[in-house]
1. Could you identify the single residue in ILE65, ILE82 that is more than 10 Å from the ligand (Cβ to nearest atom), surrounded by 14 or more Cβ atoms within 10 Å (Cβ to Cβ) and at pLDDT 95 or above?
2. Please work out if MET1 is more than 11 Å from the ligand (Cβ to nearest atom), of a type in the set (A, V, I, L, M), farther than 17 Å from ASP141 by Cβ and without any contact (Cβ under 8 Å) to a residue 40 or more places away in the chain.
3. Restricting to segment 114-144, name every residue that is free of Cβ contacts under 8 Å to residues at least 12 places away in the same chain, among the aliphatic types (A, V, I, L, M) and within 21 Å of LEU35 (Cα to Cα).
4. Which of (1) exposed (fewer than 12 other Cβ atoms within 10 Å of the Cβ); (2) of a type in the set (Asp, Glu); (3) within 11 Å of the ligand (Cβ to nearest atom) does GLU73 not meet, given it meets every other one?
5. Please work out if ARG123 is within 27 Å of LEU26 (Cα to Cα), over 19 Å from the mean Cα position of the chain (by Cα) and among the basic types (Lys, Arg).
6. Could you run through segment 10-56 and say how many residues are farther than 19 Å from GLN137 by Cβ, without any contact (Cβ under 8 Å) to a residue 60 or more places away in the chain and hydrophobic (A, V, I, L, M, F, W, C)?
7. Can you pull out every residue in segment 127-159 that is over 19 Å from the mean Cα position of the chain (by Cα) and in a helix (DSSP H, G or I)?
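The values are calculated or read from the model by the stated rules, or taken from the named source; none is laboratory data. Given the structure is predicted, the values throughout are model-derived calculations rather than measurements. Please note: Cβ atoms are built from the backbone with ideal geometry, for glycine as well, and neighbour counts cover all protein chains shown.
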Amino acid sequence: MNLILLGPPGAGKGTQAKRLEARFGLKQLSTGDMLRAAVAAGSPVGQRAKEYMDAGKLVPDDVVIGAVDERIEQPDCKAGVIFDGFPRTVPQAEALDSMLGRKGRRLDAVVELKVDSSALVDRVRKRAEETRASGGQVRADDTPETMETRLRVYHEQTSPLIAYYAKRGILKAVDGMATIDKVSEAIEAALPLPKQGRNPA
Ligand code: AMP
């Protein structure tokens, strides 16, 4: 099964992707994590991506599409992928369609996490505080200023994907304001799982 978690920054895509990964043996593919690793490694992709990421803007489509195309070929992606933070533009969605088609795979579901924009800046502030408290490194783009840009970019460039997938009949909307457990339950209920896949863990 291949699915997309769609939603603005701070909607809980990463948290829910990790839960789905553990529960169903799928692989979380977070383009944000991949790009942060590339920046940390100082690779050519990282060098190209850094300035966009620091500004809260989208990294050019060709960079991200190339990285995803390579990544989904890896053996750990064979059982299925949870795309987290990808696609983020219509050209990326079109590229995903053609890359999955070429590989004889398909997209089974797109789950939109619906959240109030007013809650997002607060959620991201909390994420930074919790990371700091646990001695971790706070993301360079988890600041209120960058968050504003990231939200604007989401509305302008990513939200058109809601209509793109709704037209295909594979979009499911879930209330992302509920508790983490409730959101997980709602996502699971929205997935086209075989009956035995729904048994409690
Ligand atoms: P995220 O961790 O998903 O919030 O992503 C962090 C940053 O990485 C974003 O603000 C973008 O600069 C970049 N990024 C992640 N995924 C993509 C993507 N699919 N397309 C373009 N830029 C991306």
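1. Criteria check complete, one pass: ILE82.
2. no
3. VAL138
4. Failed condition: (3).
5. Taking the combined requirement at face value, the residue does not satisfy it.
6. Summing the residues that are farther than 19 Å from GLN137 by Cβ, without any contact (Cβ under 8 Å) to a residue 60 or more places away in the chain and hydrophobic (A, V, I, L, M, F, W, C) in segment 10-56 gives 4.
7. Listed by number, the residues that qualify are GLU129, GLU130, THR131, ARG132, ALA133, PRO144, GLU145.
One line per residue, one yes/no per condition, for (1) at pLDDT below 95; (2) within 20 Å of ARG88 (Cβ to Cβ); (3) among the hydrophobic types (A, V, I, L, M, F, W, C):
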{"position": "MET99", "(1), (2), (3)": "no, yes, yes"}
{"position": "VAL111", "(1), (2), (3)": "no, yes, yes"}
{"position": "ALA119", "(1), (2), (3)": "yes, no, yes"}
{"position": "ARG123", "(1), (2), (3)": "yes, yes, no"}
{"position": "ASP141", "(1), (2), (3)": "yes, yes, no"}
{"position": "THR158", "(1), (2), (3)": "no, yes, no"}
